[in-house]
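Trainee: Dumping the structure here so I can ask a few things about it.
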Amino acid sequence: QVQLVESGGGLVQAGGSLRLSCAASGRTFSTNAMGWFRQAPGKEREFVAAISWSGLSTYYSSSVKGRFTISRDNAKNTVYLQMNSLKPGDTAVYYCAASDKNYYTGPADFGSWGQGTQVTVSS
């Protein structure tokens with residue numbers, strides 16, 4: 001089992017930026033794909049972005065593509081989510097997740113989750 005701890009959330013104005021971090025410990029981090037999900041109040045959790053074990057392949061939801069960038073540093077056991085041009089609709093709790101696979105194939109890949117970090121975008 002891998003333990004995940006997110007940080008970097010907060011309150012930002014529309015158009016602003018935030019960078020989320022997710023520190024992993026436990027089982028080997030560098031061989032697993034990682035992902036970010038979010039859940040807004042009253043809505044289901046949704047996929048945001050994922051990255052392959054090597055960092056060479058990335059995947060994004062259509063709602064964030066071009067604004068968000070996922071990256072990882074395997075030497076630091078950390079995955080990041082750079083969020084630019086934030087909108088009020090991006091307000092949610094953001095969760096980091098670890099996959100059981102090397103590459104992203106779908107939301108069901110992810111079996112380990114962090115506790116989440118709140119992102120609030122004001123208009």
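The values are calculated or read from the model by the stated rules, or taken from the named source; none is laboratory data. Source: prediction; values computed, not measured. Don't worry about glycine lacking a Cβ; one is built from the backbone with ideal geometry, like all the others, and counts go over all protein chains shown. Protein only, heavy atoms only, side chains kept; ligands, DNA and RNA dropped before computing areas. Shrake-Rupley method; radii C 1.70, N 1.55, O 1.52, S 1.80 Å.
Trainee: As an exercise, identify the GluC sites (Glu not before Pro) in the range 1-61 lying in DSSP coil whose Cβ has no more than 14 other Cβ atoms within 10 Å.
Mentor: Here the sparse-neighbourhood loop sites are GLU44.
Trainee: Using a 1.4 angstrom probe on the protein heavy atoms only, line up LYS43, LYS101 by accessible area, largest first.
Mentor: LYS43, LYS101
Trainee: Straight-line reach from LYS101: which lysines have a Cα under 20 Å away, not including same-chain ones fewer than 8 places off?
Mentor: Within the straight-line cut-off, LYS101 pairs with LYS76.
Trainee: Using the Karplus equation 6.51 cos²θ - 1.76 cosθ + 1.60 (θ = phi - 60°), what ³J(HN,Hα) coupling, rounded to whole Hz, does each residue of the range 20-26 give in order, writing x for Gly and Pro?
Mentor: Ordered by residue, 3J(HN,Hα) equals 8, 10, 9, 8, 10, 9, x Hz.
Trainee: So, one more: Which distance in nm do the two modelled labels at ASN74 and SER25 give, with both placed 7 Å along the Cα-to-Cβ direction?
Mentor: 2.2
Trainee: Let me ask something additional. Got a number for the accessible area of LEU11? Probe 1.4 Å, square angstrom, nearest 10.
Mentor: For LEU11, solvent-accessible area is about 130 Å².
Trainee: Size of the dipole of the chain about the Cα centre, Lys and Arg at +1 and Asp and Glu at -1 on the beta carbon, nothing else charged, in debye to 20?
Mentor: Here the chain has a charge dipole of around 160 debye.
Trainee: What number comes out for the charge environment of GLY35, summing +1 per Lys or Arg and -1 per Asp or Glu over other residues with Cβ under 14 Å away?
Mentor: Taking every other residue near GLY35 into account, the sum is 0.
Trainee: Then there's this: Students often get this wrong: which residues of the range 23-65 have the backbone nitrogen under 18 Å from the point 7 angstrom along Cα-to-C-beta of SER7?
Mentor: Only 23-26 fall inside the zone, counting backbone N under 18 Å.
Trainee: Indicate, rounded to the nearest 5 percent, the antiparallel portion of the DSSP beta bridges found entirely in the chain.
Mentor: Counting DSSP beta bridges with both partners in the chain, the antiparallel share is about 90 percent.
Trainee: Find the relative contact order for the range 61-116 and round it to a whole percent, using C-alpha pairs within less than 8 Å whose residues are 6+ positions apart.
Mentor: Reported as a whole number, the value is 24 percent.
Trainee: Could you derive backbone 3J(HN,Hα) for the range 41-48 from the dihedral phi with the Karplus parameters 6.51, -1.76 and 1.60 (θ = phi - 60°), listing whole Hz in sequence and x where the residue is Gly or Pro?
Mentor: Listing the rounded values in order: x, x, 10, 6, 5, 10, 5, 10 Hz.
Trainee: Could you work out what % of the accessible surface of the chain is carbon and sulfur, using a 1.4 angstrom probe and leaving DNA, RNA and ligands out of the count?
Mentor: 49
Trainee: Here is a further query. Calculate one ³J(HN,Hα) per residue across the range 113-123 by plugging θ = phi - 60° into the Karplus curve 6.51 cos²θ - 1.76 cosθ + 1.60, and present them in order as whole Hz with x for glycine and proline.
Mentor: For the range 113-123, the Karplus curve yields 10, x, 8, x, 9, 7, 10, 10, 10, 8, 8 Hz.
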